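Engineer: Pasting in a structure now, in C-alpha cells, and then I'll have a few things to ask.
The values are calculated or read from the model by the stated rules, or taken from the named source; none is laboratory data. If you're wondering where the values come from, they're calculated on a predicted model, not measured in any experiment. Cβ sites come from the backbone with ideal geometry, for glycine too, and all protein chains shown count toward neighbours. With ligands, DNA and RNA removed, areas are computed over all heavy atoms of the protein, side chains included. Shrake-Rupley method; radii C 1.70, N 1.55, O 1.52, S 1.80 Å.
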Amino acid sequence: MKTTNSRPVVLCLSGHDPSGGAGLQADIEALIAQGCHAAPTVTALTVQDTVNVSDFRVLDREWVLAQARAVIADLPVAAVKLGMLGSVEMVETVLEIMQSLPGVPLVCDPVLRAGGGGALGKDEVGYAIRERLLPVATIVTPNLPEARILAELPDGTPDQCAEKLLPFCRNLLITGGHGDETEVHNRLYTRDGERHTFTCQRLPGSYHGSGCTLASALSGRLALGEELSSAVRTALDYTWRTLRDAEQPGHGQYVPRRLPLDFCQ
C-alpha cells in the first residue's frame, strides 16, 4: 500500500565520489540508515579512488541552483548537509540556497582534503567557509586537520582551534580520529560555553568517507527532531559501528559499512 512519505528529507550538497566510499553515496546510505530520505544535489565531480583524489571539477553554479530549487519546490526539506564545495563561488551558491530554507538545520562538513591527503579546493575556500558559511550553520564537523586549516593554526590543539572558530559558529564538533591515542576524543563546543567530550575505542586502519558518514547521520538525527547533543552522540555511535564493520573493496582505505548486508532481503 502506497502512503505519503513520512521520512524527513535531507538536502545534501556535496561531490560525487566514483569509488562510492565518500561524497553523495555516503550521504545517501547514512541517511537511509537513520530513516531519512536523501535528496542529493551534486556540487562537484571527482576523480578518486579509495587511495586518494587526483582531480575534481566544480559544477556550474546555475546547475547546482537548479538542482536545489527543484528539490525545495517539491519536497519538505527538514535539514541540509554540506560536503565538498570546492570553490568560493559554490560557498556563495549555498548561501543563496539557504535563503529559501529559513530555520532549517544546516550541518557543515568542511571537506578540504580527501582521506589520502589530496586537496579538494584551493586555500581560499577554507577562508570563505569560515567567514561566510560557519555563521549560518547549526553545527560544523571538522576533523582536527580541517579545524587547523579553518582556524589558521597549523599545530593548534582542539581547544585552541575552538577558541578561534567559535566566534564564527554556534556549535563545533572537532573529531579526533587523526590522533594516535588509545581512545578517540570527539569534542563538542558551543558558543555559550558548553563542552562535551565523546570517547570511543580507536579502531585499526584508515577510513574513506568517515566524515561524510558522521555529518550525514547527524543531519538525519536533526531532521528527525533530536536535540543537538543527543544527535551528536547518536551519530557518533552509528559512525563508529560503520567503521567497526568496514570493508576494504580496493587497494586503499577501508569503506564504512553504512547499511546491513541483509537490508534488501
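Engineer: What accessible area per residue comes out for the chain, rounded to a whole number of Å², with a 1.4 Å probe? Mind dumping the intermediate values first?
Structural biologist: Working: 12460 Å² over 265 residues.
Dividing the accessible area of the chain by its residue count gives 47 Å².
Engineer: Keeping the other protein chains in place, figure out the carbon and sulfur percent of the accessible area of the chain, with a 1.4 Å probe. List each step's numbers first, then the result.
Structural biologist: Working: 6340 of 12460 Å².
On the chain, the fraction of accessible area on carbon and sulfur atoms equals 51 percent.
Engineer: Taking the Cα centre of the chain as the origin, how large is its charge dipole in debye, to the nearest 20, when only Lys and Arg (+1) and Asp and Glu (-1) carry charge on their Cβ atoms?
Structural biologist: Working: 23 positive and 31 negative charges, 102 e Å.
Roughly 480 debye for the chain.
Engineer: Would you compute the Debye intensity of region 84-215 from its alpha-carbon atoms alone, equal scatterers and no solvent, and pass along log10 I(q)/I(0) at q = 0.15 Å⁻¹ to two decimals?
Structural biologist: Here the Debye-derived log intensity ratios amount to -0.70.
Engineer: List, in order, the whole-Hz ³J(HN,Hα) value for each residue of region 201-213 obtained from phi through the Karplus relation with A = 6.51, B = -1.76, C = 1.60 and θ = phi - 60°; use x for Gly and Pro.
Structural biologist: 5, 6, 9, x, x, 10, 10, 10, x, 5, x, 4, 4
Engineer: Ok, one more. Could you give each residue of region 246-256 its phi-based ³J(HN,Hα) in whole Hz, using Karplus coefficients 6.51, -1.76, 1.60 with θ = phi - 60°, and x for Gly or Pro?
Structural biologist: Along region 246-256, the couplings run 5, 10, 10, x, x, 9, x, 6, 6, 10, x Hz.
Engineer: log₁₀ I(q)/I(0) of the chain at q = 0.15 Å⁻¹, via Debye over equal Cα point scatterers, no solvent, to two decimals?
Structural biologist: Values returned for q = 0.15 Å⁻¹ are -1.07.
Engineer: Distance in nm between label sites at His178 and Glu227, each 7 Å beyond Cα in the beta-carbon direction?
Structural biologist: Result for the modelled spin labels: 3.2 nm.
Engineer: Return the percentage of antiparallel bridges among DSSP beta bridges fully within the chain, rounded to the nearest 5 %.
Structural biologist: On the way: 18 of 39 bridges.
Roughly 45 percent of the DSSP beta bridges within the chain come out antiparallel.
Engineer: Under 5 Å between amide H atoms, partner at least 5 residues away or on a different chain: which partners does Ala39 have, H built in plane at 1.01 Å?
Structural biologist: Hits under the 5 Å cutoff: Val10, Leu11, Cys12.
Engineer: What does the helix-only formula give at 222 nm for the chain: each DSSP H stretch with n ≥ 4 adding -39500 (n - 2.57), the total divided by the residues, and the result rounded to the nearest 500 deg cm²/dmol? Write out the running numbers ahead of the final one.
Structural biologist: Values: 8 runs with 90 residues, N = 265.
The helix-only estimate for the chain comes to -10500 deg cm²/dmol at 222 nm.
Engineer: Three principal axis extents, largest first, for the C-alpha atoms of region 1-96, in Å?
Structural biologist: 46, 30, 17
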